[in-house]
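All remarks here apply to the structure that follows.
The values are calculated or read from the model by the stated rules, or taken from the named source; none is laboratory data. What you see is a predicted model; the values in this text were computed from it and never measured. Please note: Cβ atoms are built from the backbone with ideal geometry, for glycine as well, and neighbour counts cover all protein chains shown. Quick note on the areas: whole protein, heavy atoms, side chains included, nothing else; ligands and nucleic acids left out. Shrake-Rupley method; radii C 1.70, N 1.55, O 1.52, S 1.80 Å.
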Amino acid sequence: MSIGSRVMNTLGKVIFANKFIAAGFILLLADLVMGIIGAFWTPYSVSSTFSFSSPPSWRHLLGTDAYGHDVLSEMLHDTLSTLLVGFGVGVLVALLSTLIGLLGGYYAGKVASVIIDIITITVLTIPGVILLVVMGSYFRTANLGLSYSITILALALVGWAFGARQIRAQVLSLSNREYIIASKLIGEKSYRIIFTQLLPPILPLTFAQFLFGTLYGVLSLVTAEFWGVLPATSSNLGTMLAFITTNAAYVSNQWWWILGAIIPILILGAGIGLLNIGIDEIIDPRLREIKAPKIKRKVVITTDEGNQVTIEA
């Protein structure tokens with residue numbers, strides 16, 4: 001069996017060993033597949049117009065918006081860009097929080113750890129959406145557009161701190177274990193201790209930070225678009241919500257338009273929530289479901305006729 005096959009088999013066992021992780025993974029995969037399909041195919045072109053504000057029908061499953069566009073086509077088209085921003089933020093948040101948490105926990109009590117703590121506390125006080133508002137105002141003044149790449153970087157730079165504190169606390173606990181102390185006494189290099197002995201046990205926390213960063217990135221992007229921070233030329237679920245608000249769709253009861261903008265976000269949130277529950281069960285054994293073994297025994301029953309019947313109970 002090749003290495004790739006072994007990795008896939010191991011990954012499959014980990015995913016489907018826990019029902020919450022399996023359900024969350026399926027929801028995230030469905031959301032991503034929907035976005036990928038929308039990037040290449042939609043029932044109608046997003047620029048095509050039909051009757052205005054039509055309710056759902058067999059021709060338009062999610063109806064049309066106030067501009068006559070097919071809502072389902074818009075939803076499919078705008079999902080992938082939104083998810084990619086979220087995944088980008090999630091990856092950077094996971095990397096930064098893990099690296100900074102490892103260094104802060106391993107070098108606890110030293111000058112480097114104090115500096116990391118000060119930076120972490122400072123970053124915790126900066127909301128990501130507010131940072132986007134400030135940056136959007138500056139870029140607009142300079143006649144520049146706030147691109148997705150800058151948005152991802154900005155959100156990641158202020159989104160890692162909470163996870164870094166969690167990982168740092170876990171690393172502090174691991175650093176007092178006998179095998180870590182023994183490695184230090186025999187002169188093992190610090191980078192080998194950090195990346196070969198401390199990193200593997202905290203990988204579930206790293207994955208949890210990826211999930212947090214993904215949801216944080218999506219919600220921040222949608223909020224920034226809703227507030228008009230990012231240019232209206234960008235196309236994502238936040239843009240849909242901004243147009244929904246502009247046209248007061250909630251007042252005219254165009255629920256199908258609102259539903260089209262939030263379905264992918266709801267699926268993402270549900271998937272991440274289920275994955276977090278599954279990860280919590282892996283990290284904390286007290287949360288795991290323990291199934292009592294079924295013990296079968298044979299019982300002999302005497303019937304009214306005096307016959308003996310053996311059954312399993």
Quick check: anything in region 78-88 within 25 Å of V251 (Cβ to Cβ), modelled with pLDDT of 90 or more and not β-branched (V, I, T)?
yes
Tell me, yes or no, whether region 157-174 has at least one residue that is assigned to a helix (DSSP H, G or I), more than 20 Å from I119 (Cα to Cα) and either without any contact (Cβ under 8 Å) to a residue 60 or more places away in the chain or not acidic (D, E) (or both).
yes
Please specify each residue of region 255-271 satisfying the condition of being surrounded by fewer than 23 Cβ atoms within 10 Å (Cβ to Cβ) and either hydroxyl-bearing (S, T, Y) or touching a Phe, Trp or Tyr at 6+ places or on another chain (Cβ under 9 Å) (or both).
I258
When you scan region 207-224, how many residues do you find that are over 16 Å from P127 (Cα atoms) and surrounded by 21 or more Cβ atoms within 10 Å (Cβ to Cβ)?
4
Can you tell me which residue is most open to solvent (accessible area, probe 1.4 Å) among those in region 40-58 that are hydrophobic (A, V, I, L, M, F, W, C) and within 30 Å of the chain's Cα centre (by Cα)?
F40
Output yes when any residue across region 125-136 is open to solvent by 50 Å² or more (accessible area, probe 1.4 Å), of a type outside the set (A, V, I, L, M, F, W, C) and part of a helix (DSSP H, G or I), and no when none is.
no
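Rundown of residues vs (1) of a type in the set (V, I, T); (2) touching a His at 6+ places or on another chain (Cβ under 6 Å); (3) within 30 Å of G278 (Cα to Cα), yes/no style:
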site: A30; (1), (2), (3): no, no, yes
site: T42; (1), (2), (3): yes, yes, no
site: S47; (1), (2), (3): no, no, no
site: D70; (1), (2), (3): no, yes, no
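Table: residues versus (1) at pLDDT 85 or above; (2) surrounded by 12 or more Cβ atoms within 10 Å (Cβ to Cβ); (3) hydrophobic (A, V, I, L, M, F, W, C).
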{"residue": "G187", "(1), (2), (3)": "no, no, no"}
{"residue": "L198", "(1), (2), (3)": "yes, yes, yes"}
{"residue": "S234", "(1), (2), (3)": "no, yes, no"}
{"residue": "L237", "(1), (2), (3)": "yes, yes, yes"}
{"residue": "N253", "(1), (2), (3)": "yes, no, no"}
Check L61, L72 and return the single one that is in a loop (DSSP other than H, G, I, E, B), in contact with a helix residue (DSSP H, G or I) (Cβ under 7 Å, 6 or more places away or on another chain) and open to solvent by 30 Å² or more (accessible area, probe 1.4 Å).
L61
Given the conditions (1) more than 25 Å from G104 (Cβ to Cβ); (2) open to solvent by 50 Å² or more (accessible area, probe 1.4 Å), and given that I115 satisfies all but one, which numbered condition is not satisfied?
(1)
With the condition kept exactly as written, say whether any residue in region 170-183 is loosely packed, with under 11 Cβ neighbours inside 10 Å and closer than 26 Å to A156 by Cβ.
no
